[in-house]
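S.K.: Just dropping this structure here.
The values are calculated or read from the model by the stated rules, or taken from the named source; none is laboratory data. None of the values given here were measured: they were computed from a predicted structure. Here the Cβ positions follow ideal geometry from the backbone for every residue, glycine too, while neighbour counts run over all protein chains shown.
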Amino acid sequence: MAAVIGQPLKRREDPRLITGSATYTDDVRLPGMLQAAFVRSPHAPARIRSVDASAARALPGVVGIFTHEDLADFWKAPLPCAWGAYPLLKNPAHWPLAKGVARHVGDPVAIVVADSRAAVHDAIQQVRVDYEPLPAVVDLDAAVAPGSPRVHEDLADNISFTFDHKTDGVDAAFARADHVVRRRLRQQRLVPNAIEPRAVVADYRRADGQLTVWAATQIPHLLKIFSSGLLGLPEQRVRVIAPEVGGGFGSKLQVYPEDIATMAAAIHLGRPVRWTMDRREEFTSTHHGREGVMDVEAAFTRGGEMTAMRVNWLSDMGAYNMLNGPFVPILGFLVLPGPYRNRELEAHIKGVFTNKTPTDAYRGAGRPEATYLLERLMDLAAAELGLDPVDVRRRNLIRHDEIPFTTATGMTYDAGDYHATLDLALKAIDYAGLRREQASRRQAGGKLLGVGFSTYVEACGLAPSRATSSSAYGAHLYESALVRVQQSGAVTVITGSSPHGQGHETTLSQIVADRMGIPVDSVEVLHGDTQNTPIGLGTYGSRSLVVGGQAVVQACTRVQDKMRLIAAHKLECRPEDVAFGDGRLFVQGAPTRGVAFAEIAATANLGSHAGMPEGMEPGLEATAYFSPENFSFPAGTHVCVAEVDPETGRVRIRRYLAVDDVGVVVNPLIAEGQVHGGVVQAIAQALFEDLPYDADGQPLGASLMEYAVPTSMDVPDIESAFFVTPSPSNAIGAKGIGETGTIAGTPAVVNAVIDALAHLGVRDIDMPLTPPRVWRAIREAGTGGSSRPFAESGEGGRSA
Amino acid sequence: MIPPAFEYVRAASVDEALAHLAKYGDDARLLAGGHSLLPLMRLRLAAPRVLVDIGRIRELAYVRAEGGELAIGALTTHHAVEQAAAVATAARALADAASVLGDPQVRNRGTIGGELAHADPAADYGAVVLALGGTVTAAGRGGRRTVAIDDWVRGPFTTALQPGEILLEYRAPAAAAREGSVYRKFARRASDYGMVGVAVRLGLGADGRCTSARIALSCVSDQPVRAQAAEAALAGRAPEGDAVREAAAVVLQGVRVADDPFCPADYRTHLAQVETARAIAEAAARARAA
């Protein structure tokens, strides 16, 4: 039988998704179901003086209108933050509906329930809320300045948390440095924009107190656990089902106010309630990603070797700490050393409250920010030292023979060859030829050419328990699987992870088919229902294959061990001599001595048990949990070749090449799809997307008309190549593929644009690099206006 | 994104539609392709009580070359405009605009009449029809009347169309020999409204000098604008070198240029100049080949 691992099988999920016959949360129909919608604050922030729902209540079809006070008896605790145990975190209460003060545009103030979507949308317009607008906290520097208005009046300032880290040799390294690069780098605010809007259906059965919830979520088990806790329901009386989920990018790794409010309304009314978000609500009410300011300085030798780095990072939490919001920059911190040898690092991270939509994980979650900082630094150092950016990277990249390598943040890189991916990329793009073309174009006038690199390493496989527990994170991030061999030899795999577009059903089937020597089509993969899946932590952080896949392998192994015992009994051989292949179990070295896989399955299930070893339990089923010992470390080199029209500032990406070492690739078709999608989102951050706020806390351009998610017409063909060093963290050898694109891609694109303009003196352009910004940077470069002072990191609060 | 309730009536003919408009008055809005009105209703920025659907009046969907003029019925979709051979030869700039307007779904549903009647300052046809010249015909209870294209748009989202009237047709003078037109749109993304749209119609004499020049821009102000100073700069000159530079430099003379966070006015002004120069060069190349 041909190897199943590495086959580019088409996704078995796709026929039902493409033909529209799949069931999403919004497709769920229950008898007597009501529709919910939310009255949201148009201000940021505002005191809620009063809510007058009388006119709305009088409209036909309106069943109920509830504020925080109306439902306060239903929620027993505020919304969760998984980093709540971190001693330096301040975690003000975040209730499902605003209590007294609405803190950002879009903060839910009341839930309205009616018998149709039309009725409920008419009704929310008629709810009269008397707001007293308050001064808004918007800018991060201003938010941490003394005397700033406070987002949470019961806190002394707007600092959500501080995190400090310093290695022993930082100051000495700076004192010795030949050259110090200093910059302020910005991460703009991004809106995740999964194609399926968030949705929840809550059905409460008064007869026995059973709450069943359908939700567009990445974390059905966590949502169940938190819902039962927040609503004070027995855990065994809450069931969460994630049906088809249309993308998340981290935005559905959350316990949202609307989830809990919809459940409370359903319990209160004793009728099923559905809430489906409008696309416009995505822009103010689904958590955002990225926004932050990083002041960085890095010590270099004349030859381009980085000897120390200092970072002051203000990370925008928005108005509240969400489930993982404060932990996002910490995840970035973990990979701040990147693939480079420098072990001297000083980092000070502040989470900052502002009157904006809360932020949390967005594809990459902290690691894109860290990688952007580091890869921009490499190019800046090259420019300031008069070196080639590739040479600077070569000088600093950890060599293959230095691995395992432990970094300044305690990560131990366990597999990888960073120079090899760079070599592959350089060869593929003809780097010398591009530099010649760049020079001749600069002579000729017209469009300019730039080449941008990003040599990256990131940490996936979230997460080793020793890492989560040492950082006060509130959960083990293990994963689970159940493998069951049925009577006919068909195999059911039930994963605790929860796909929302990743193709788990196909990939996990390939793993099981490979190990059991059976056809891929005889394996089914189930997921997403807390009633019949083992407890799992969900799908995010590129963990479903690396952590979830390993759980499948372990469950598989247990079932196979039992099948070996039965086969050995039948074949009169030693169990350790039994092998799997071609739908059979056979004696290794004597393949004609064998028995059909299906026969063992029948024997263990509905057979008479004749042929079972004496005293063995019937059934072929095992559940396994896997908690990884180490992260996995995808790494590689992305190269972007960009053309810039200096007259208009328009950037066109001519070529984009991703060379990724994501370990063993189970399904190259799916893996390439992940690279393509991730790189498009990276290009989106680099060139297109931004949700700025004005000084009053109003978002500017909060719709798909203005927020420029790129279309297929705006992105180049993406070339993807894989280089394989197997990860030792799991038996599959996989490292994770879901986030490499956004982590590696953004700086590659920005570096390419700035490289094209380097001869003009352009060194920085804030993202996104839109035509007006590129044009302005060119214009100002002539007058020396593009460099910014390094904001001195200053005073106390640091630990050594 | 759910519109408030409304009544819906479908008109089978222009007369029937006029009768509905007369009956419902200000409560009624015409629905053609629906690609401007329905989004406004879904955002509850528009709440007409009655929609009079004229989308199936087939007699208003046509493209005809008639005696030196190109006539386009109001219900002709953008896709049909883009595809029509008569448009390609007689008014190429219209086909340029139709091919970059919205996305394929919008082009399959949206109509030229809807776009001209809606008069969005960022709409692509706004610049094109000003550069091409010609007339718009409307029908009311009192009969038909024709409005010169320069008098059509009266302000943002405002035209010469009177309450109770229906736009029937746009009519452009067809391109003669050594005449060419072009529309260039500069947008952030495919399917976006433009940051700048420039339409140029040029006629060249045997000596290569401009015998006629009309230039207009969309997306730059609160309504489409004719660039008469730029036209004057080209008059009687070959469209190259200094003439083009001088025309481009004055293309937004006297215009209050739109300013927004994503496209500041100084950039938009510069972009309009760059795009004008490029559009003039392209129109000239087309004129030489015509």
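S.K.: Can you say whether B:Arg237 is of a type in the set (D, E, K, R) and within 13 Å of another protein chain (Cβ to nearest Cβ), as far as the supplied structure shows?
M.R.: When the stated conditions are applied, B:Arg237 does not pass them.
S.K.: Can you confirm whether A:Ala601 is within 28 Å of A:Pro768 (Cα to Cα), part of a helix (DSSP H, G or I) and more than 14 Å from chain B (Cβ to nearest Cβ)?
M.R.: Here the answer is no, as A:Ala601 does not meet what is asked.
S.K.: I'm checking my understanding of the structure. Among residues of region B:1-57 that are acidic (Asp, Glu) and more than 26 Å from A:Arg279 (Cα to Cα), which one is farthest from the other protein chains (Cβ to nearest Cβ)?
M.R.: Looking at residues that are acidic (Asp, Glu) and more than 26 Å from A:Arg279 (Cα to Cα), I get B:Asp15.
S.K.: Return a yes/no flag: does region A:564-576 have any residue that is in contact (Cβ under 8 Å) with a residue 60 or more places away in the chain and either at negative phi or in a helix (DSSP H, G or I) (or both).
M.R.: For region A:564-576, residues in contact (Cβ under 8 Å) with a residue 60 or more places away in the chain and either at negative phi or in a helix (DSSP H, G or I) (or both): absent.
S.K.: Do we have any residue at all in region A:87-102 that's more than 29 Å from the chain's Cα centre (by Cα), surrounded by 18 or more Cβ atoms within 10 Å (Cβ to Cβ) and among the aromatic types (Phe, Trp, Tyr)?
M.R.: No, region A:87-102 has no match at all.
S.K.: Just a yes or no: is a residue in region A:637-657 under 21 Å from the mean Cα position of the chain (by Cα), more than 14 Å from every other protein chain (Cβ to nearest Cβ) and buried (at least 18 other Cβ atoms within 10 Å of the Cβ)?
M.R.: Among the residues of region A:637-657, at least one is under 21 Å from the mean Cα position of the chain (by Cα), more than 14 Å from every other protein chain (Cβ to nearest Cβ) and buried (at least 18 other Cβ atoms within 10 Å of the Cβ), which makes the answer yes.
S.K.: Okay, next question. Give region A:705-741 a look and list any residue that's among the charged types (D, E, K, R) and in a loop (DSSP other than H, G, I, E, B), or say none.
M.R.: Within region A:705-741, A:Glu706, A:Asp717, A:Lys735, A:Glu739 meet the criteria.
S.K.: Has region A:192-203 got any residue that is touching a Leu at 6+ places or on another chain (Cβ under 8 Å), of a type outside the set (A, V, I, L, M), more than 20 Å from A:Glu291 (Cβ to Cβ) and touching a residue at least 40 places away in the same chain (Cβ under 8 Å)?
M.R.: Yes: region A:192-203 contains one or more residues that are touching a Leu at 6+ places or on another chain (Cβ under 8 Å), of a type outside the set (A, V, I, L, M), more than 20 Å from A:Glu291 (Cβ to Cβ) and touching a residue at least 40 places away in the same chain (Cβ under 8 Å).
S.K.: Name the single residue, out of those in region A:736-773 being farther than 19 Å from A:Arg184 by Cβ and of a type in the set (D, E, K, R), that is farthest from the other protein chains (Cβ to nearest Cβ).
M.R.: Out of the qualifying residues, it is A:Glu739.
Residues are listed down the side, and each one gets a yes or a no for (1) in contact with a helix residue (DSSP H, G or I) (Cβ under 6 Å, 6 or more places away or on another chain); (2) away from chain A (no Cβ under 14 Å):
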site	(1), (2)
B:Thr158	no, yes
B:Arg171	no, yes
B:Ala187	no, no
B:Ser191	no, no
B:Val196	yes, no
B:Ala206	no, yes
B:Leu217	yes, yes
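S.K.: Any chance you could count how many residues in region A:276-313 are more than 16 Å from A:Asp107 (Cβ to Cβ), surrounded by fewer than 22 Cβ atoms within 10 Å (Cβ to Cβ) and within 21 Å of the chain's Cα centre (by Cα)?
M.R.: The qualifying residues number 2.
S.K.: A further question on this structure: Return a yes/no flag: does region A:265-284 have any residue that is modelled with pLDDT of 95 or more, under 19 Å from A:Gly84 (Cα atoms), touching a strand residue (DSSP E or B) at 6+ places or on another chain (Cβ under 7 Å) and not basic (Lys, Arg).
M.R.: no
S.K.: Out of (1) closer than 26 Å to A:Asp360 by Cα; (2) crowded, with 18+ Cβ neighbours inside 10 Å; (3) touching a Phe, Trp or Tyr at 6+ places or on another chain (Cβ under 9 Å), what's the single condition that is false for A:Gln35?
M.R.: Unmet for A:Gln35, out of (1) closer than 26 Å to A:Asp360 by Cα; (2) crowded, with 18+ Cβ neighbours inside 10 Å; (3) touching a Phe, Trp or Tyr at 6+ places or on another chain (Cβ under 9 Å): (1).
S.K.: Could I ask something else about it? With respect to B:Val244, is the statement that it is within 14 Å of chain A (Cβ to nearest Cβ), modelled with pLDDT of 95 or more, assigned to a helix (DSSP H, G or I) and under 17 Å from B:Gly205 (Cα atoms) true?
M.R.: Yes: the conditions hold for B:Val244.
S.K.: Wholly within region A:33-107, which strands (runs of 3 or more DSSP E) include no fewer than the required count, namely at least 3 residues that are in contact with a strand residue (DSSP E or B) (Cβ under 7 Å, 6 or more places away or on another chain) and closer than 21 Å to A:Val213 by Cα?
M.R.: Output list reads A:34-40, A:62-67.
S.K.: With the checklist (1) under 27 Å from A:Val774 (Cβ atoms); (2) free of Cβ contacts under 8 Å to residues at least 24 places away in the same chain in hand, flag the one item B:Ala249 doesn't pass.
M.R.: B:Ala249 satisfies every listed condition except (2).
S.K.: Output the residues belonging to region A:465-490 that are crowded, with 16+ Cβ neighbours inside 10 Å, part of a loop (DSSP other than H, G, I, E, B) and at pLDDT 90 or above.
M.R.: A:Leu477, A:Tyr478, A:Gln486, A:Gly489, A:Ala490
S.K.: Of the residues that make up region A:682-702, is at least one more than 14 Å from chain B (Cβ to nearest Cβ), outside any loop (DSSP other than H, G, I, E, B) and buried (at least 23 other Cβ atoms within 10 Å of the Cβ)?
M.R.: yes
S.K.: Next question, about the same structure. Quick one: A:Val120 ticks every box in (1) touching a residue at least 40 places away in the same chain (Cβ under 8 Å); (2) surrounded by fewer than 21 Cβ atoms within 10 Å (Cβ to Cβ); (3) more than 25 Å from the chain's Cα centre (by Cα) bar one, so which box is it?
M.R.: (2)
S.K.: Something else now. Working only within region A:405-427, note down all residues that are among the β-branched types (Val, Ile, Thr), in contact with a Gly (Cβ under 9 Å, 6 or more places away or on another chain) and closer than 25 Å to A:Ala463 by Cα.
M.R.: Of everything in region A:405-427, just one residue is among the β-branched types (Val, Ile, Thr), in contact with a Gly (Cβ under 9 Å, 6 or more places away or on another chain) and closer than 25 Å to A:Ala463 by Cα, namely A:Thr407.
S.K.: Could you tell me whether region A:644-666 includes any residue that is of a type in the set (Phe, Trp, Tyr) and not in a strand (DSSP E or B)?
M.R.: no
S.K.: Let me ask something else about it. Could you check region A:168-235 for strands (runs of 3 or more DSSP E) lying wholly inside it with 1 or more residues that are out of contact with any Pro (no Cβ under 6 Å at 6 or more places or on another chain) and of a type in the set (Ser, Thr, Tyr)?
M.R.: So the answer is A:199-205, A:210-215.
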